[in-house]
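Novice: Pasting a structure below so you can have a look.
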Amino acid sequence: MNLKKFYNKKKILITGHTGFKGSWLVHWLSRYNVEIMGIGLNPNNKLNLFSYINKKKLLDKRIDITDYKILEKNILKFKPDIIYHLAAQALVKKSINNPLETFKTNIIGTANILNCINKLNKKTISIIITSDKCYESVKLSRGYKENHRLGGNDPYSASKASAEIIFKSFFNSILKKNKKIKIATARAGNVIGGGDWSSDRLIPDCIRAWVSNKKVNIRNPRATRPWQHVLEPLSGYIMLSYHLQNNVNINGNSFNFGPKFNDISNVERVLKLSKNYWKNARTKFYKEKNFVEDEHLQLNTRKAEKKLKWKKIFTIEKTIELTMNWYKKFYDKKNAFKLLDNDINYYLKKNRNFTYE
Ligand SMILES: NC(=O)c1ccc[n+]([C@@H]2O[C@H](COP(=O)([O-])OP(=O)(O)OC[C@H]3O[C@@H](n4cnc5c(N)ncnc54)[C@H](O)[C@@H]3O)[C@@H](O)[C@H]2O)c1
């Protein structure tokens, strides 16, 4: 697919543009002849990736997606052609401490976005980002498929499963009738890469500890997660939006994006690989009482490989190398804007699905 052609003169709405994945996406898509409207809240941390990204094409709106009136007014005025809905309360631990905020943002917020898409009444392509955690936990080592049962043992997971159910109901009873609307959901695995400083996430926790020469506290060394570089699911969202243009059979579908089975790693392995990049990197394991989390979480990504020709490009070693080098260079005072560009250029060179000149 030719990215330059696909995005030429497009108006793109990215919700959650001030977050980790949203910042990478805004930076990437700003290479093309586009107008971007971002809808999100102020970044959570003083140190945040959003401060460093390309904002030349960005109309930056700080809007709460649970505030329907303002949301609708702004979206209907902007009239986007393509929508990537990433805005969410995205942290499991925070969802346990504040379940109502998580449910409100992730469930009502998503319903609000879907209602705006319907009200737009114009040709649109929309990708609703949910999560690998939307599946009912049945300890399935061979990986969840898109038609497996939804569920969730914590408010974050349950909110993402709920967002999927809300999406299906909206699609089947309202959006499907409107031939101008093309829409799908994307369920990606745990994402890593330079520039994430969120709390209670493995890599940001390690970086925060190691740059200040402290030990990092690790909860569950044996937990496996579908880790992947942030550019991998973002390329999935991009390819999904591209294929939705012409392939009616995938309209209303959901797609998993995650690593290959031979690349599945547990926390211990990720730590071992990451430590190679830092002098004196130390870890301490501890047990957290009353914290429910799945030991094994993997995704089956065959549907995306077959229908979208999407594939994961980087091995876990390469993913960690890119991530750790990004942080190392950032703390060596290298230009973060250029670090983002370098990783995107490298990814585009390696991914033969994309031509962009
Ligand atoms: N990071 C991961 O490993 C991962 C894995 C699977 C799915 N996801 C999903 O991908 C999306 C992006 O994740 P991320 O890691 O960039 O999260 P993040 O926490 O870095 O960013 C979240 C974004 O949502 C915005 N937001 C939160 N509440 C809002 C509200 N009420 N109104 C408007 N905006 C609001 C924030 O301002 C921010 O821009 C989320 O939907 C998340 O659930 C993330």
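Novice: Of the numbered conditions (1) in a loop (DSSP other than H, G, I, E, B); (2) among the hydroxyl-bearing types (Ser, Thr, Tyr); (3) within 16 Å of the ligand (Cβ to nearest atom), Ser141 satisfies every one except a single condition; which is it?
Specialist: (3)
Novice: Given (1) in a strand (DSSP E or B); (2) basic (Lys, Arg); (3) within 15 Å of the ligand (Cβ to nearest atom), where does Lys11 come up short, assuming only one miss?
Specialist: Of the numbered conditions (1) in a strand (DSSP E or B); (2) basic (Lys, Arg); (3) within 15 Å of the ligand (Cβ to nearest atom), the odd one out for Lys11 is (3).
Novice: Answer yes or no as to whether Ala111 is of a type in the set (Gly, Ala, Ser) and not in a helix (DSSP H, G or I).
Specialist: For Ala111, the condition - of a type in the set (Gly, Ala, Ser) and not in a helix (DSSP H, G or I) - is not met.
Novice: Continuing with this model, one more query. Kindly evaluate Asn213 against the criterion of being of a type in the set (S, T, N, Q), touching a strand residue (DSSP E or B) at 6+ places or on another chain (Cβ under 8 Å) and within 25 Å of Glu321 (Cβ to Cβ).
Specialist: no
Novice: Please specify each residue of segment 82-107 satisfying the condition of being surrounded by fewer than 18 Cβ atoms within 10 Å (Cβ to Cβ) and either part of a helix (DSSP H, G or I) or among the charged types (D, E, K, R) (or both).
Specialist: Lys93, Ile96, Asn97, Pro99, Leu100, Glu101, Lys104, listed by residue number.
Novice: Can I ask one more? For segment 207-251, how many residues are part of a strand (DSSP E or B) and closer than 16 Å to Tyr347 by Cβ?
Specialist: The number of residues fulfilling the criteria is 2.
Novice: Separate question: Output the residue which, of all residues in segment 179-194 that are within 15 Å of the ligand (Cβ to nearest atom) and assigned to a strand (DSSP E or B), is surrounded by the fewest Cβ atoms within 10 Å (Cβ to Cβ).
Specialist: Ala184
Novice: Related question: For segment 26-62, how many residues meet the condition of being within 9 Å of the ligand (Cβ to nearest atom), closer than 27 Å to Tyr331 by Cβ and of a type outside the set (S, T, N, Q)?
Specialist: Qualifying residue count, segment 26-62: 6.
Novice: Can you tell me which residue is nearest to His27 (Cα to Cα) among those in segment 195-208 that are away from the ligand (no atom under 13 Å from the Cβ) and crowded, with 19+ Cβ neighbours inside 10 Å?
Specialist: Ile207
Values quoted throughout were computed directly from the atomic coordinates according to the rules given, and no laboratory measurement underlies them. Since the model is a prediction, treat every value here as computed from it, not as a measurement. Cβ: placed from backbone, ideal geometry, glycine included. Neighbour counts: every protein chain shown.
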